[in-house]
Amino acid sequence: MTKYTSSTLAVPEASAIPRHVAIIMDGNGRWASKRLMPRVAGHSEGLGAVRKVVEECRRIGVEYLTVFAFSSENWRRPPEEVGFLMKLFLKSLKGEVSRMAENDIAFSVIGDLSRFDPAIQEMVHFSEQKTAACKGLTFTIAANYGGRWDILQAMRRCIAANPNLKPEQVTEELLQPHLSMAFAPEPDLFIRTGGEQRTSNFLLWQLAYTELYFTDVLWPDFDEAELHKAFDWYSQRERRFGRTSAQLASQAMSDAV
Ligand code: FPP
């Protein structure tokens, strides 16, 4: 069983600072094209933004940060760009793992890693193990990840674990521990840069009650100040989880007594 509340089964506790932030880092290609640079230069620059956001989340006490680095649909990109992203992923892991461990950041990857080069798979496992005891922030990269893939693989693992299961016995509680983010609470805040307003097959199950923030800022330009704009916006949201505003107000009154 997962230790976290499902937003559809019970009302989770909402905190002023989001406990879990999930980000779609979009706009690297456009950032580079605007500067007459190759698209991949935008990805290199985007890595700098990842560093800034990880460090700021760690500093202000966000517990989980999950970023979408490569979707199951990104294999459709030109092979040179896919190859570049893979090299960047491996190089950045090699360069950052010690720094993450020193800063008490636990690293993890969600997604189907089987299609990745063995060197990447080994580095991912090494990095996860090296940072496994860290408690400050859990930084997760979604790589070859898709929300539909996640629900399907969870369903398959659930059936494998309970072979005599009848359809009517399938419940959220039974399925949830098999989802790839079972180790984390559901995201409180979703951020997408680059101007598009869609969730693009990211954490479909987990985003059920997440606040969705969209900004036109291109990912390489997303920095600490932009992150705080998203947090300020989040702090103004009324998180009702299906309840009415009046119910929230009366609960706030009784909490205050
Ligand atoms: C979307 O921008 C970005 C990606 C598909 C890749 C994200 C990768 C990084 C931020 C690089 C470093 C990160 C890690 C974790 C190694 P896009 O290329 O779709 O931009 P566009 O919409 O302007 O074309």
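What follows is calculated from the coordinates using simple rules that are stated; it is not laboratory data. No experiment lies behind these values; they were computed from the predicted model shown. Cβ atoms come from the backbone with ideal geometry, glycine included; neighbour counts cover every protein chain shown.
Quick look at the numbers
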{"quantity": "Fewest-first ranking of Tyr64, Tyr145, using other Cβ atoms within 10 Å as the exposure measure", "calculated": "Tyr64, Tyr145"}
{"quantity": "Potential extension, Ile60-Gln153 segment - 0.36 nm per residue separation minus Cα distance", "calculated": "30.1 nm"}
{"quantity": "Shape of segment 154-219, Cα gyration tensor, a/c cut at 1.5", "calculated": "prolate"}
{"quantity": "Projected-area average for segment 189-233 over all orientations - Cα convex hull basis, square nanometres", "calculated": "3.2 nm²"}
{"quantity": "Stretchable slack from Glu73 to Lys91, in nm (0.36 nm times residue separation minus alpha-carbon distance)", "calculated": "4.2 nm"}
{"quantity": "Percent of Cα pairs exceeding the 32 Å cut-off, where the set is the chain", "calculated": "24 percent"}
{"quantity": "Segment 1-91 - percent relative contact order, Cα under 8 Å, separation 6 or more", "calculated": "31 percent"}
{"quantity": "Cβ-based exposure ranking for Trp75, Trp205, in which fewest neighbours within 10 Å come first", "calculated": "Trp75, Trp205"}
{"quantity": "Computed FRET value (nearest 0.05) for Ala208 with His125, which takes r as the C-beta separation and R₀ as 30 Å", "calculated": "0.50"}
{"quantity": "Ratio of the Cα radius of gyration of segment 38-125 to 2.2 N^0.38 Å, where N counts its residues", "calculated": "1.12"}
{"quantity": "Cα-only Debye scattering, segment 1-147: base-10 log of I(q)/I(0) at q = 0.10, 0.19, 0.22 Å⁻¹", "calculated": "-0.38, -1.26, -1.51"}
{"quantity": "In nm, spacing of pseudo-spin labels at Arg198 and Ala16 (7 Å Cα→C-beta vector)", "calculated": "3.8 nm"}
{"quantity": "Centroid-to-centroid separation of segment 152-206 and segment 29-63 [C-alpha atoms, Å]", "calculated": "27 Å"}
{"quantity": "For Val109, distant residues with modelled amide H under 5 Å away", "calculated": "Ile141"}
{"quantity": "Listed peptides 156-163, 22-29, 92-99 by packing density, highest first (mean Cβ within 10 Å)", "calculated": "22-29, 92-99, 156-163"}
{"quantity": "Isotropically averaged projected area of segment 1-66, using the convex hull of Cα atoms (one quarter of hull area), nm²", "calculated": "6.4 nm²"}
{"quantity": "Label-point separation, Ala160 to Ala225 (7 Å along Cα→Cβ), nm", "calculated": "4.9 nm"}
